[in-house]
Amino acid sequence: MPNPDPQALTPRQIVAELDRYIVGQADAKHAVAVAMRNRYRRERLPDAVRREVSPKNILMIGPTGVGKTEIARRLATLAGAPFIKVEATKYTEVGYVGRDVESMVRDLAEAAVRMVSDERRADVRESADAAAVERIVDILHPETAAAQTAAPNGFAASLGSIFGNAFPQQQQPQAAATATRTLPDDEAQRVRAAARTDVERGFYDVRLIEIDLEEQAQLPIGVLGGEGGMGGGDMSEMLGGLLPKKKVRKKVTVADARRIFAQQEADKLIDMDAVKREALRRAGDHGIVFIDEIDKVAGHEGTRGPDVSREGVQRDILPIVEGSTVQTKHGPLATDHVLFIAAGAFHVAKPSDLIPELQGRFPVRVELTSLTADDFEVILTQPENALIGQYRALLGTDGVDLVVTPEAIREIAQIAMRVNEETENIGARRLHTVLERVLDEIVPPKKAARSRSMPPTSASGSTPSSATPTSPATFFRRKSRRSGPALRERCWRRAERSGRPDFRSRRS
C-alpha cells in the first residue's frame, strides 16, 4: 500500500492511519492528528502570521504499555518527520554528572541529517551503483582500465587552506596521467561490457578482490569534552578531518565491494551542504521530540536531595520547549516550531508537581486508559504485523505451521490481563511474556517432514490430545546432547507435564 501524502491527510484520516497499528486511545490519536494537521496549515499562512503560530505541545498521561511511545513514533513515520525519543531521567541539572538537555536538539539534528541523506542516496542509487560496477570491472580487468591521474596531497591542501602563504603547499611533481590500458579500444570495450554484465547479474559475487579503503584519522581527545554534542567527540572529528586519510588494503568479496563502492560514489554525488541545510529546516519545522518518563523529574515542593536536581532538569528543559536556538555541528537549529510530546505514568507524582512554567508549555493533555482483555485480543490479531502474525512468520522459517484458535487467543488475553491485575501492570508488553512461555516448547519437525503442519496450540502451551505431539524421543535427544543428568531429568518432567503418551514406558 503506497504511503499517503501527509499534507493531504485530514485529522480523521490521520486517526485512521494510526488505527492500523495502535488499538484504542482515541483521545490521544485525535490530539496528535490535530497537531500534525496544524503544522501543514501553518505552512499555508502568510509569513507574518506563520512566525507567530507555535505548535501546541502534548502531555500524555497513562500507565506503561498502553501505546504512548508508539503513537508518537507512528505519527513521525506518517509525517515523514525527524523523530527522536529521549528519557527525561538521563538528563541532570548543570553541575551534575549527566547529559545536558541541549543534546536532545543535537540528536534531532543528527536524525534529520540521516533522513535527508538517505533520501538523497535513494535518488542517486542507480548512478552510484553503475559507477561502483565500473570500479569493480577496473579491478577484475585492469588491462581495460582508462587512464588515471595522481591524487593531490590532501594534507598539504588542508594546512595550506588554514595557514595560507605561511605554510606553502609542497610542490608535488605533476604526475601525468598514466595509461594502464593495454588492449585495443575495441577489445577493451568488449571485455568490459561482458564483465559489467557478469558483475550486475552476480556472477562474481563470491570472488575475493583487494580494494583500498580510506579511514579517517582519529585524535585521542574525545575525553576532553565529555559526553555533550559539541564536546570532545565533535572536536576530534573536526580536527581529524585536517589529517590525511590513510588507505587500508582489504580483501573482500565482489558483493561487499560493490556495496562499499556504491556508498562512496553516492557520497560523491550528494551535496552535503545542501543536505545539512534541508535537514536543519526540516528538523526546525517538522521535528518531533518525544520526552518519556517526564513524571520521574517531577519533584515535590520543599523537599531536598534528588528533587533539587529534578527541578533543575525541568528548568533546563523549559527554554528548549518554549523556543531557543541550539548550536549543532551542522549549524544552528531553532526549536520554536519543534513539536514536543511528553509522556509519563504519573503513578506517584501528578502533572501539577511539574513547575508551572513547564506545565504551561504543554497545553494539550490527554489521558490514556488501561487496556482490557478485549483490547489484548485485538492487539494479538488485528493490527498490521500483529503479534500472532510475527510468531507465525518466525516459526514458519523452521517449517512450523502455527495455528492459534480464537479460543486460545481469548485465553492468552485473559491470562495477560489477570497477571497485570495481580502484579505490576505493564500493559500490552505482558503479551510478549505470555506468548514466549506458551510457544517456547514448540519443537520444529524433522527435516524430512518440514511440510507437516503443527497442531493448534492452546493457551497453556500444551497440544490437544486429539493431535499427534512431537516425539518425546526427538525432544529428549535434542536436549540431552548438550546436557547433564540434571537437565535430562528436567526434560522428562517437562515431557510429563505436556502429556506425551509414552514418557512413562521410555523412562522406565
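Within the option set 197, 182, being of a type in the set (Ser, Thr, Tyr), modelled with pLDDT under 85 and open to solvent by 40 Å² or more (accessible area, probe 1.4 Å) holds for one residue only, 182. What number of residues in the range 333-380 are loosely packed, with under 15 Cβ neighbours inside 10 Å, under 22 Å from residue 433 (Cβ atoms) and of a type in the set (Val, Ile, Thr)? Result for the range 333-380: 2. Of the helices (runs of 4 or more DSSP H) lying entirely inside the range 25-138, the ones with 2 or more residues being touching a residue at least 60 places away in the same chain (Cβ under 8 Å) and touching an Asp or Glu at 6+ places or on another chain (Cβ under 7 Å) are found at 68-79.
Count of the range 265-295 residues, restricted to those that are in contact with a strand residue (DSSP E or B) (Cβ under 7 Å, 6 or more places away or on another chain), farther than 23 Å from residue 40 by Cβ and part of a helix (DSSP H, G or I), is 3.
Considering the range 320-332 alone, what residues qualify as being outside any strand (DSSP E or B) and surrounded by fewer than 16 Cβ atoms within 10 Å (Cβ to Cβ)?
First pass over the range 320-332, keeping only residues outside any strand (DSSP E or B): 320-324, 329-330.
323, 324 - these are the residues of the range 320-332 that are outside any strand (DSSP E or B) and surrounded by fewer than 16 Cβ atoms within 10 Å (Cβ to Cβ).
Just one of the numbered conditions (1) part of a helix (DSSP H, G or I); (2) open to solvent by 70 Å² or more (accessible area, probe 1.4 Å); (3) in contact (Cβ under 8 Å) with a residue 40 or more places away in the chain is not true of residue 250: (1).
Would you confirm whether or not the range 8-20 contains a residue that is of a type in the set (Lys, Arg), without any contact (Cβ under 8 Å) to a residue 60 or more places away in the chain and surrounded by fewer than 20 Cβ atoms within 10 Å (Cβ to Cβ)? Scanning the range 8-20 turns up at least one residue that is of a type in the set (Lys, Arg), without any contact (Cβ under 8 Å) to a residue 60 or more places away in the chain and surrounded by fewer than 20 Cβ atoms within 10 Å (Cβ to Cβ). For the range 278-287, state whether one or more residues are open to solvent by less than 30 Å² (accessible area, probe 1.4 Å), at pLDDT below 90 and more than 22 Å from the chain's Cα centre (by Cα). No. In the set (1) over 20 Å from residue 68 (Cβ atoms); (2) open to solvent by 40 Å² or more (accessible area, probe 1.4 Å); (3) modelled with pLDDT of 85 or more, the condition left unmet by residue 397 is number (3).
The values are calculated or read from the model by the stated rules, or taken from the named source; none is laboratory data. All of these numbers come straight from a predicted model, not from anything done at the bench. Here Cβ is always computed from backbone atoms with ideal geometry, including for glycine, and neighbour counts include all displayed protein chains. We work out accessible area using only protein heavy atoms, side chains counted, and drop any ligands, DNA or RNA first. Shrake-Rupley method; radii C 1.70, N 1.55, O 1.52, S 1.80 Å.
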